[in-house]
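The values are calculated or read from the model by the stated rules, or taken from the named source; none is laboratory data. Computed from a predicted model, the values in this text were never measured in an experiment. Please note: Cβ atoms are built from the backbone with ideal geometry, for glycine as well, and neighbour counts cover all protein chains shown.
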Amino acid sequence: MTWILEGKRVRATYLVDMPLTGVVLESRVKYGGAVQHRIKLDVPLAMRWRTEPADILLVDDDKIMEILLD
């Protein structure tokens, strides 16, 4: 399996327990070798520390739970 998930629909968690689904816009290797993905969310995620819901999030590779079939 490749670490590049660009264009794939995924199910993941954000922070501790916020579930999300969306399409990976970009996959990159962070400083230190960990992989991170920029995900365009299907449904914007409201967070108490932001005034507007987030529609794009950065998610580490170990938080990707499933690659969904189109």
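This table checks each residue for (1) in contact with a Leu (Cβ under 9 Å, 6 or more places away or on another chain); (2) surrounded by 12 or more Cβ atoms within 10 Å (Cβ to Cβ); (3) modelled with pLDDT under 95; (4) at positive phi.
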| site | (1), (2), (3), (4) |
| --- | --- |
| LEU15 | no, no, yes, yes |
| ILE39 | yes, yes, no, no |
| VAL43 | yes, no, yes, no |
| LEU58 | no, yes, no, no |
Checked the range 5-45 for anything in contact with a strand residue (DSSP E or B) (Cβ under 8 Å, 6 or more places away or on another chain) and not in a strand (DSSP E or B); matches are LEU5, GLU6, GLY7, LYS8, LYS30, ALA34
Of all residues being under 15 Å from THR2 (Cα atoms) and polar (S, T, N, Q) in the range 17-37, which is surrounded by the fewest Cβ atoms within 10 Å (Cβ to Cβ)? Just the residue, please.
GLN36
